[in-house]
Structure formats: C-alpha cells, structure tokens
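Heads up: the structure comes next, in structure tokens.
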Amino acid sequence: MYGYKLPDDFLIGTANSAFQSEGAWDKDGKSESWMEYYAKLNAGKPARLGMTYSEDMPDRGCFFYDNYEAYIEDMQKTGQNTYRMSLAWPRIIPTGFGAVNPKAIEHYNKVIDKLLECGIQPFVDLYHWDLPQCLNEKGGFTNPQFPEWFEAYAKVCFEAFGDRVKLWSTFNEAQVSLHNGYFSGTFPPFHKNMKEYLQAAQNCLLAHFRAVRLYKSMNLGGKIGIVNAILAVSPTDFTEQDVYACALHMDHYVGWWTEPLLEGTYPQRLLRENPNIAENMPEGYQKQLDEWFIPMDFVGLNYYMTKRTRYDPEAFGHFKRAESFYSAPGQFFAPYPPGLFDVVQFVSERYHGIEIYITENGCALPNIHDEEAECDDEERVTYLREHLRMCARLIRAGYTNLKGYYYWNDADSYEQLRGYDLRFGLTWVDHVTGKRRWKKSRYFFSQVCKSKMVN
Ligand code: NOJ
C-alpha cells in the first residue's frame, strides 16, 4: 500500500459558522446574539489567560451574508464536495421562540440551493455559539424551557431545509462554550458557577435529544449528530496518577458529551471519582436522560491539539491540562498531527465504530497585516498535508468509519474574544474592504479535493 489516498466518496471541504462569517449582524430582521452583545460590552477589557477582549466586532466576519455566491463559487473551483455551515438562531427566530423571520428562511434557502447547484453537500449545525441575547436574558441554557425552545427552533429548520440538507448537527462544541460560559467565566455569559454549568449541560443534552427525536420522526432521510471538541492527551509523567488523570480528562471532555448521547448515561467513573460534580448534578438527571434518550447517528470531532495532563485533586474533574505536547512557536494552537490519529482511534474503539467526521481542524496564524506574506502560507500547507495524511492512514488502518474532513475555516473570519487578530482561512480576506484572495493553502487543498490524494 503506497501513498496517502482518500476514498472517492470521502467528504472533504471547509467549514465556518454564522456569527463568525456572515457579518450583517442586524440586517434583514436579525436580532443580537450573546456573542455580539458581549463583544460590545467587553471590548478592550481583560478576557482570559492574560488576554484582552478584542475591540473588533463580529459585524463583518468575512462578509459571507452578502457575498455567499462568490464564496460558494470558490468552493466549487476548489473541488470540495461539502461545506459545513451553521444557521443563526437569532436570524431565524429573532425573539428566540415564536415568530419566524421569512427573510432568514429565504436567505438560507438561497445559500443551500447554491451549494447544491455547485455540487457541494451542506453539513448544517443548528447551533454554533450564537444564542439569541433575548434568551440569555431569560437564563439561556439554564432555563428549564431551553430544551423546548431549541426543539421549536430545530423544527423550523428541519421543515424549511430538511428536504435538501442531509447532514445535521445539533450543537457545536457545547462542552467548550458551556464550561467556559457558566463555569470558568471566560465565554458568554461569563458566569462562574458549577451548579449552573451542570444544569446548562444537562439542558443542552435534553435539547439535543428532543431535536434528534423530532428529526427521526420526520423521516427526512438524513443523519443527525453533534460536534464535539476533542484533544489527545498524554500524561505529564508516567506516574499512575497522571495516567489516571488522562482517563478522567477523556471522561470529562469526550465521555460526557458522547456517552449520554449514545448510551444514555454520564460516564460513571467521572461521577464516582468527583463528589464535587456528583453533588452538584441537577436533580433527577438520570430520569430525564432515560425519558428522552435516543441515539445519534455520528459524532463530529473538532481536533486542534494534544496536551499533557497532570493529576490534580484540587482541580475540576481532578485533572489539569499542562503544556502542549508539541511546540509550535507563533501558532495559537500547537498542532500535533499524529494526535488526529489518536483521537479517531480512541473514539472509534470506545464507542464501537461510531461514524466520525473531523468537523474542524485548522491552523491559526497571526494577522500581520501583510497580504503577500499571509497568502504565502507554507506553514498551513504543511499543516493540511500532515493532518490529511492522518485521515488516509486511519482509513488504511481500517477506521473506515471516518467519513469526512472539514478544514477550519473557509476564509479568514471573526474569532471569539480575538476578533480579526488570527487568520485560519484558506482564503485571505481584507476585513475592511472585503477583498478576497486564495492563499497557497487553498491551491494545495484544491489538489487534494480533486485527486483525493495527499502527496
Ligand atoms: C472551535 C470553534 O468551533 C470555532 O468557532 C473556533 O473559531 C475554532 N475552534 C478556533 O478557535
């Protein structure tokens, strides 16, 4: 077996999300999401880990809302056969629940139709971090009505787009946005309360189940899953404790958001070993899971990095992430391509060959305000090549349950807390004029998409 070949039916494409790419944040009846609300409120203030909240606003993104046709035509020229996007809840139902905004339906119909006309299969996230601010004012994810609100929103989306969209995900990286949002206080809504976090997480799982149940009952013939953040972990030292900390880390990061969704229970070791978590769990949580459980069809994995982990009895979950496994000076995340192999192997084995998509994997380089240098992104070419080779190696090793890969992101866009400081895109974007240009990495990606070979 020579070379790195991907199967002919492998889904390969780019991804982006509504609040990061669309701009047009108050156009055609859209209401504010909490991302926009807190971006305005916190501009220039301390954010997290010594970082300052950007003064940039997500009011531009990469101007996708107005320029979707040109972007999609570029995707077609790239040769990609899929695009992962999200729908903006505050655009579709500006008041969170209740009246639907016809202009939003019309807009997303045009985007979906254009993708299909160009031979690109849409992978659609119902929710990628942009809760309507009006729902946040009612307690957001912690409100007991959250699952109902979400189901009603999902119904509108399935009815409007389900005839053409065949790959759906309910939530993007719920564990990151809810843990950071309600527990560590570094993402909207900036709370620090374990009980609230656990309640928000439980409500999110129930919302997911309700959407999956509804979707299945509608017989639309597609698949539905969730998108989870994942990282490969390695013990800081090969002590029994640090090795155990890795298991606890995976229980929390992966198990919590996969086990209930496939098997209907939280990872038992996690609850047993962490009385502080067990004591703060919402009342009747298992009964609620039993009542609503329905298995999903696949799991999406957003893989960026590998971290060393250390046992720490004081820390949440009894583990602490230490330094990156690999050092990559100048890069926001320290990439470690073999970790992609490890995480797909881990999830496949633990969850009995569940269908997997790499829903994000991306190289963030700093915005240095130099178009030529930013488009000559050899580092990103190497990043792509090495991660895509891992996909080919996995499939060759028998992990044929890996069905697709999405590079994050299609074009330089808005990054939460960081604004336009980081560039992840295969297409370079001038965030003032909207000018676009293919980077070297897009030309490389295009060769892979067209040949399904990674040279
Ligand atoms: C994961 C999130 O889904 C996405 O919104 C974000 O831009 C990337 N990580 C990079 O931080």
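The values are calculated or read from the model by the stated rules, or taken from the named source; none is laboratory data. On a predicted model such as this, the values are computed, not experimentally measured, just so you know. Cβ placement follows ideal geometry from the backbone for every residue including glycine, while neighbour counts extend to all protein chains displayed. Accessible surface areas use protein heavy atoms only, side chains included; no ligands, DNA or RNA. Shrake-Rupley method; radii C 1.70, N 1.55, O 1.52, S 1.80 Å.
Which cross-chain or sequence-distant (5 or more) residues have an amide H under 5 Å from the amide H of residue 14, H modelled 1.01 Å from N in plane?
Those qualifying (amide H under 5 Å, at least 5 residues apart or on another chain) are 82, 84, 407.
Picking from 116, 184, 54, whose Cα lies most toward the positive end of the charge dipole for the chain (charges on Cβ: Lys, Arg +1; Asp, Glu -1)?
116
Looking at 382, 363, 398, which one has the Cα that reaches farthest to the positive end of the dipole of region 352-415 (charges on Cβ: Lys, Arg +1; Asp, Glu -1)?
Among 382, 363, 398, the one farthest towards the positive end of the dipole of region 352-415 is 398.
I'd like the chymotrypsin sites (Phe, Trp or Tyr not before Pro) in region 1-59 restricted to DSSP loop residues with at most 16 other Cβ atoms within 10 Å, sorted by number.
2
At 15 Å minimum axial length over the Cα atoms and a Kyte-Doolittle cut of -1.0, report the qualifying DSSP H helices in the chain, or say none.
Those that pass (Cα extent of 15 Å or more, hydropathy at least -1.0) are 102-117, 146-161, 194-217, 240-253, 338-350, 378-396, 440-451.
Across region 257-378, how large is the tail of the calculated P(r) beyond 18 Å, expressed as a percent of all Cα pairs?
Across region 257-378, Cα pairs with separations above 18 Å total 68 percent.
Considering the Cα positions of the chain, please state its Rg to one decimal place and its Dmax as a whole number of Å.
Cα radius of gyration and Dmax of the chain are 20.7, 59 Å respectively.
Using θ = phi - 60° and the Karplus relation 6.51 cos²θ - 1.76 cosθ + 1.60, list the HN-Hα couplings for region 221-238 in order, rounded to whole Hz, with x at every Gly or Pro.
Once rounded to whole Hz, the list reads x, x, 10, 9, x, 9, 10, 10, 6, 9, 9, 7, 10, 9, x, 4, 10, 7.
Per residue, how much accessible area does region 231-340 have with a 1.4 Å probe, in Å²?
Ligands and nucleic acids excluded, the figure is 44 Å² per residue.
Using only the Cα atoms of region 195-302, what do you get for the radius of gyration and for Dmax, in Å?
Considering region 195-302 through its Cα atoms, Rg and Dmax are 15.4, 51 Å.
Determine the dipole magnitude for region 132-256: charges of +1 sit on the beta-carbon of Lys and Arg, -1 on that of Asp and Glu, nothing else is charged, the reference point is the Cα centre, and the result goes in debye to the nearest 20.
The dipole of region 132-256 has a size of about 580 debye.
Would you mind telling me the share, in percent, of accessible area of the chain contributed by carbon and sulfur at probe 1.4 angstrom?
50
Report the far tail of the P(r) of region 399-455, meaning the percent of Cα-Cα pairs longer than 17 Å.
So the pairs more than 17 Å apart make up 49 percent of the total in region 399-455.
Using +1 at the Cβ of each Lys and Arg and -1 at the Cβ of each Asp and Glu in the chain, identify which of 214, 267, 79 lies farthest towards the dipole's positive end.
The residue sitting most towards the positive pole is 79.
Would you pull out the residues with amide H under 5 Å of residue 304's amide H, same chain only if 5 or more places away, H placed 1.01 Å from N?
Here the answer is 230, since their amide H atoms fall under 5 Å of that of residue 304.
Using a simple charge model, +1 on the beta-carbon of Lys and Arg, -1 on the beta-carbon of Asp and Glu, nothing else, what dipole does the chain show about its Cα centre, in debye to the nearest 20? Intermediate results must be reported in sequence, preceding the final value.
Details: 48 positive and 59 negative charges, 138 e Å.
Result for the chain is approximately 660 debye, rounded to the nearest 20.
In Å², and per residue, what accessible area does region 352-455 have when probed at 1.4 Å with the other protein chains present? Walk me through the intermediate numbers first.
Values: 3710 Å² over 104 residues.
Result: 36 Å² per residue.
What's the local net charge at residue 310, with K and R +1, D and E -1, over the other residues with C-beta under 13 Å away?
After counting each charged neighbour, the total is -2.
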